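Here is the structure we will look at.
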Amino acid sequence: MYVILGATGNTGGVIAETLLAKQQKVRVVGRSKERLSRFTSRGAEAFEADVTDSASLAKAFAGARAVYALIPPNMASNNVRAYQDQVTESIASALQQAGVTHVVVLSSIGADKPDKTGPVVGLHILENRLAAIPNLHVLNLRAGYFMENTLPQVDVIKNFGMMAGPVNADLPLAMIATPDIAAAAAQALLELNFSGQQSRELLGQRDLTYLEVARVIGVAIGKPALAYVQLPGEQIVQAMTQMGMSKNMANLLVEMSDSLNAGYMKPLEPRTAANTTPTAFERFVQDVFLPAFKGQATTA
Ligand SMILES: NC(=O)c1ccc[n+]([C@@H]2O[C@H](COP(=O)([O-])OP(=O)(O)OC[C@H]3O[C@@H](n4cnc5c(N)ncnc54)[C@H](OP(=O)(O)O)[C@@H]3O)[C@@H](O)[C@H]2O)c1
């Protein structure tokens, strides 16, 4: 039995589908059985639990061959770091209580750093907390910058006719499509070929700057001259809070962008075949960005 947290989300959903397609037993975890029903109709067991409820998680983890764990984002929280630490503690004690031996963790580039990386500090703490659990084998998948982070640009383009954000226009970013992370996680769950505490970077198909991102998106939406403008942190915080994000989360995301811009938060490994994944940004734009731009339903 594999237990998947965040099963209705980007990575968890694809992991659950992949394992089900391989006839594996899967227990999907989320806050609503209704949202999990697309998996139960394919033979999965649904388990309703909040990740902050350690007792429920321990029950969800019971009998697991391995667990896929992540800290779900909490965009509305006024204290994101405290929320993340609460989730970490909840997951860690549940893993320990259930006697789980293998866990694959969604972490991030920059999780090696103890500070100044915004929400990624929470992943640094998660990695360290799990490393302290005796007899638990942990694989931290340190993913690059999600291509899905470009989706809020749909509204920016529609409202302002350009793209805007806090990241330097010419900063190369290891951009990855979330199904590629899911594929790596599913493979690791099936093979369980890790022991002790291991970290593995996933850097996407190639590095991309926001200038290149704007060029690819611009061509796809029929605005080949689409510009990307870097805005100061205060303006970004204002825009993000207007979109419903808490000020605390917006400030953390600006802190993370500052660390990316300064080169403090970056991959540690050189790009190799092992940390390069298949999905090109052009593919993501056709499959996910463009449908979102045209107002069609998208799961991302
Ligand atoms: N964005 C990036 O560039 C980046 C880079 C590296 C790593 N990361 C990591 O990736 C994570 C997001 O992964 P993802 O995109 O696969 O997830 P996601 O699509 O944001 O989905 C997370 C899922 O978690 C569930 N969830 C939310 N709050 C919950 C709660 N309190 N208890 C139980 N379940 C809850 C939600 O399902 P229900 O609503 O059905 O419960 C949701 O579908 C981030 O939090 C970050 O740690 C992000």
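Only one of the listed residues (42, 65) is over 17 Å from residue 138 (Cβ atoms) and either at pLDDT below 95 or not hydrophobic (A, V, I, L, M, F, W, C) (or both). That residue is 42.
Per the conditions (1) part of a strand (DSSP E or B); (2) open to solvent by less than 40 Å² (accessible area, probe 1.4 Å), the sole criterion not satisfied by residue 204 is (1). The single condition among (1) touching a residue at least 12 places away in the same chain (Cβ under 8 Å); (2) in a loop (DSSP other than H, G, I, E, B) that residue 253 does not satisfy is (2).
Residue 219 meets the stated requirement of being open to solvent by 20 Å² or more (accessible area, probe 1.4 Å), of a type in the set (A, V, I, L, M, F, W, C) and assigned to a helix (DSSP H, G or I). Scanning region 234-263 for residues that are open to solvent by less than 20 Å² (accessible area, probe 1.4 Å) and not aliphatic (A, V, I, L, M) gives 246, 257, 259. Can residue 266 be described as open to solvent by 20 Å² or more (accessible area, probe 1.4 Å) and closer than 19 Å to residue 165 by Cα? In short, yes.
Sort out which residues of region 139-169 are more than 15 Å from the ligand (Cβ to nearest atom) and among the β-branched types (Val, Ile, Thr), and write them in order of number.
Within region 139-169, 154, 156, 157 meet the criteria.
For region 15-26, the tally of residues that are buried (at least 22 other Cβ atoms within 10 Å of the Cβ) and within 14 Å of the ligand (Cβ to nearest atom) stands at 2.
The values are calculated or read from the model by the stated rules, or taken from the named source; none is laboratory data. Source: prediction; values computed, not measured. Virtual Cβ from ideal backbone geometry, glycine too; neighbours counted across all protein chains shown. Ligands, DNA and RNA are stripped out before the accessible areas are found, and what is left, the full protein with its side chains, is counted by its heavy atoms. Shrake-Rupley method; radii C 1.70, N 1.55, O 1.52, S 1.80 Å.
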